[in-house]
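A.B. asks: There's a structure below that I have some questions on.
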Amino acid sequence: MSEPTSHPSPSSRPQRAPGGFPVVGVVGGGQLARMMQGPAVELGIQLSILAESDSAAAALVVPSSPVGDHTDLEAVRAFAASCDVVTFDHEHVPQDILQALEDDGVAVHPSRAALHFAQDKLAMRERLEGLGIACPRWTRATTAAEVTAFGDSVGWPIVAKTPRGGYDGKGVSIVSAADELADWLARVGEPGPVEGGLLLEEKVDFVRELAVLIARSPSGQAAAWPVVETVQTDGICTEVLAPAPGLDPDLASVVTEAALRIAGELAVTGVLAVEMFEVRARGAEGTEGTRGGRAAYVVNELAMRPHNSGHWSMDGAVTGQFEQHLRAVLDLPLGDPRPTAPWTVMANVLGGDYEHLYPAYRHIMARDPGAKVHVYGKGVRPGRKIGHVNVSGSDLAEARERAGHAADYLRGVITE
């Protein structure tokens with residue numbers, strides 16, 4: 001007798017729960033899809049995942065996880081046919097496939113039109129600039145001469161980005177001369193991340209990095225979590241402080257208003273993360289983003305999905321980002337985004353010396369029963385995001401120490 005399989009076959013369809021509750025389809029089987037499963041169960045919603053493989057992070061916890069590629073039109077179409085709403089674990093589904101789904105009458109959230117601005121950084125910069133949102137000085141470059149002209153204009157070094165496909169520091173390079181971009185420039189015009197040219201930006205002299213997380217529903221209801229500070233290490237977010245300590249209330253209001261405006265103008269549905277730099281005020285008094293010479297902001301990136309900067313909300317807010325995303329894409333009334341403690345710190349767990357994480361749980365739980373550990377069901381690889389730890393409390397320094405200790409212990413950086 002053959003052994004039962006752990007996962008459904010690619011042809012399987014999600015079983016609908018009694019009571020008329022909908023099925024939400026998620027394209028992509030990564031950790032973001034995985035972390036939607038808990039809130040989905042609590043809301044009575046069925047998830048179905050179009051997973052890269054039957055061992056993908058979300059496929060390990062979601063019974064309906066047919067295997068298919070997000071670039072395969074027929075696989076995506078067949079998957080969507082069993083869902084009431086389709087949303088995403090990542091932003092890499094091609095525009096022609098998104099168009100086909102919408103032509104089929106599938107409810108896609110966020111829409112193809114909105115996702116365009118998360119998929120193409122040049123389009124994002126053009127649109128935000130048109131809205132009057134504060135951004136770094138930037139240009140499109142297709143030749144070495146254009147790179148040199150921009151660097152000479154804004155000052156070297158400059159930041160070069162591939163408009164498509166970059167994340168966690170990938171597709172980003174800080175350069176001091178045009179010849180350092182020779183490989184990318186040679187691929188301009190070819191199908192791929194730099195087909196339409198490179199995005200060049202001034203290297204912003206920032207005070208710190210901030211993020212504003214918004215949720216918006218198709219009917220236009222929106223909710224915002226407190227502005228947070230994100231701490232980056234080698235291009236990867238390693239820590240989030242919620243709310244951002246010492247943030248000027250006026251600036252908090254300005255950046256939240258900007259994020260809500262972006263969500264509305266781009267008609268984003270679901271969760272939107274607006275990553276920003278806090279900078280010294282620049283330009284004339286009253287320019288967008290300035291407040292009487294005090295610190296201001298420029299928008300760095302957009303992400304139209306649950307985001308690393310919002311993981312703290314799973315344990316530190318009345319409504320976490322994964323529940324809120326499901327509410328938003330189903331056009332349910334949004335939940336309360338207010339924090340439940342003065343401070344919540346999220347520390348990312350990166351792959352380190354321990355191949356097996358579970359044995360470390362006993363130490364963490366015994367040392368700090370209040371620490372909340374979330375793991376992603378991924379194999380350990382140095383530098384890979386494999387989980388995170390949330391700690392809430394009334395003392396920020398203590399919360400940072402507790403979250404950092406747990407993350408470091410899981411990684412094998414410390415052993416006691």
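A.B. asks: So which of Pro333, Pro306 is modelled with pLDDT of 95 or more, surrounded by fewer than 19 Cβ atoms within 10 Å (Cβ to Cβ) and within 29 Å of Ala114 (Cα to Cα)?
C.D. replies: Pro333
A.B. asks: Does the range 178-201 include one or more residues that are touching a residue at least 40 places away in the same chain (Cβ under 8 Å), over 24 Å from Pro136 (Cα atoms) and either buried (at least 19 other Cβ atoms within 10 Å of the Cβ) or among the basic types (Lys, Arg) (or both)?
C.D. replies: Taking every residue of the range 178-201 in turn, none turns out to be touching a residue at least 40 places away in the same chain (Cβ under 8 Å), over 24 Å from Pro136 (Cα atoms) and either buried (at least 19 other Cβ atoms within 10 Å of the Cβ) or among the basic types (Lys, Arg) (or both).
A.B. asks: Still on this structure, I have one more. Checking the condition under 18 Å from Gly377 (Cα atoms), of a type in the set (A, V, I, L, M, F, W, C), in contact with a strand residue (DSSP E or B) (Cβ under 7 Å, 6 or more places away or on another chain) and touching a residue at least 40 places away in the same chain (Cβ under 8 Å), which residue from Val67, Val93, Val61, Val23 passes?
C.D. replies: Val67
A.B. asks: If you don't mind, there's one more thing I want to ask. Collect the residues in the range 175-199 that are among the β-branched types (Val, Ile, Thr) and either over 15 Å from Ile158 (Cβ atoms) or in contact with a Lys or Arg (Cβ under 9 Å, 6 or more places away or on another chain) (or both), keeping them in residue-number order.
C.D. replies: Val188, Val194
A.B. asks: What do you reckon, is Glu190 among the acidic types (Asp, Glu) and touching a Leu at 6+ places or on another chain (Cβ under 9 Å)?
C.D. replies: no
A.B. asks: Take Arg208 and decide whether it is surrounded by fewer than 21 Cβ atoms within 10 Å (Cβ to Cβ), within 20 Å of Val298 (Cβ to Cβ) and not aliphatic (A, V, I, L, M).
C.D. replies: It is true that Arg208 is surrounded by fewer than 21 Cβ atoms within 10 Å (Cβ to Cβ), within 20 Å of Val298 (Cβ to Cβ) and not aliphatic (A, V, I, L, M).
A.B. asks: Restricting attention to the range 99-119, which residues are touching a residue at least 60 places away in the same chain (Cβ under 8 Å), crowded, with 17+ Cβ neighbours inside 10 Å and assigned to a helix (DSSP H, G or I)?
C.D. replies: Ala114, Leu115, Phe117, Ala118
A.B. asks: Within the range 394-407, work out how many residues are touching a residue at least 12 places away in the same chain (Cβ under 8 Å) and either out of contact with any Phe, Trp or Tyr (no Cβ under 6 Å at 6 or more places or on another chain) or farther than 13 Å from Gly316 by Cβ (or both).
C.D. replies: The qualifying residues number 9.
A.B. asks: Further question: For the range 130-221, which fully contained strands (runs of 3 or more DSSP E) count at least 1 residues that are farther than 29 Å from Val86 by Cβ and among the small types (Gly, Ala, Ser)?
C.D. replies: 138-141, 158-161, 172-175
The values are calculated or read from the model by the stated rules, or taken from the named source; none is laboratory data. Small disclaimer: the values here were computed from a predicted structure and weren't measured. Ideal geometry is used to build each Cβ from the backbone, glycine not excepted, and the neighbour counts take in all protein chains shown.
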